[in-house]
Amino acid sequence: MTRTTRADYLEDAKALWCAQLPALVSKSIKDLTHRQFNYAKLMSLSAPLARWLHKRLSHNYINAGLMQPYNILFSSIHRDSGLLHHVKQAINIKTSESALEELKEENVLWWFKKEERKQGRAVRDVLYTLQPTNDFIAEIKAANARQRDTQKTIGRE
């Protein structure tokens with residue numbers, strides 16, 4: 001990031017700051033692979049894991065629809081989020097479900113159900129099936145349309 005000093009500003013009032021974005025961000029913007037999402041909703045969520053799940057849904061749930069629930073494994077949440085640090089897996093699972101409950105309260109999810117995958121008596125993994133609300137589905141469809149329109153505009157269909 002480069003900046004304009006006070007002396008530079010006094011010499012030229014139109015002098016500006018300049019920032020270089022990280023390479024991955026620049027590439028995503030250049031290739032139009034970035035996804036728009038409801039940042040205000042994201043920041044209204046209190047649990048970091050709820051925010052991570054909201055962002056994951058916003059980026060990966062591109063086939064949004066009432067007949068298209070989103071499936072995610074607990075092992076994927078644990079591995080990818082980096083937010084579950086308890087030694088006991090049962091407590092990490094409860095933390096995940098608490099985050100999903102917050103998403104329900106904030107009108108992102110209608111419901112979720114869990115299917116435990118056991119090995120003997122121990123829970124090996126949990127498959128969560130998430131059904132987003134109509135409002136969230138509409139946001140995803142609008143983001144899809146904006147991305148498609150932008151790609152058409154520059155000729156990258």
- Note on the structure: Residue count, the range 94-146, condition exposed (fewer than 15 other Cβ atoms within 10 Å of the Cβ) and polar (S, T, N, Q), comes to 5
- Return a yes/no flag: does the range 22-41 have any residue that is over 30 Å from residue 112 (Cβ atoms), free of Cβ contacts under 8 Å to residues at least 24 places away in the same chain, in a loop (DSSP other than H, G, I, E, B) and open to solvent by less than 90 Å² (accessible area, probe 1.4 Å). yes
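Can you work out which of the residues in the range 1-11 that are in a loop (DSSP other than H, G, I, E, B) and open to solvent by less than 80 Å² (accessible area, probe 1.4 Å) is farthest from residue 59 (Cα to Cα)?
First, the residues of the range 1-11 that are in a loop (DSSP other than H, G, I, E, B): 1, 3-5.
Of the ones still in play, those that are also open to solvent by less than 80 Å² (accessible area, probe 1.4 Å) are 4-5.
Details: 4: 36, 5: 39 Å.
Selected residue: 5.
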- Quick one: in the range 42-51, which of the residues that are free of Cβ contacts under 8 Å to residues at least 40 places away in the same chain and of a type outside the set (D, E, K, R) is least open to solvent (accessible area, probe 1.4 Å)? 42
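Picking from 86, 54, which residue would you name as being within 25 Å of residue 115 (Cβ to Cβ), open to solvent by less than 60 Å² (accessible area, probe 1.4 Å) and at pLDDT 95 or above?
Going through 86, 54 in turn, just one is within 25 Å of residue 115 (Cβ to Cβ), open to solvent by less than 60 Å² (accessible area, probe 1.4 Å) and at pLDDT 95 or above: 54.
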- Task: Just name the residue that is farthest from residue 90 (Cα to Cα) out of those in the range 103-154 that are assigned to a strand (DSSP E or B) and hydroxyl-bearing (Ser, Thr, Tyr).
- Result: 129
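The values are calculated or read from the model by the stated rules, or taken from the named source; none is laboratory data. Only a predicted model underlies this, so the values are computations on that prediction, with no experimental measurement involved. Glycine gets a Cβ as well: all are built from the backbone with ideal geometry, and neighbour counts include every protein chain shown. Accessible surface is based on the protein model in full, side chains and every heavy atom, while ligands, DNA and RNA are left aside. Shrake-Rupley method; radii C 1.70, N 1.55, O 1.52, S 1.80 Å.
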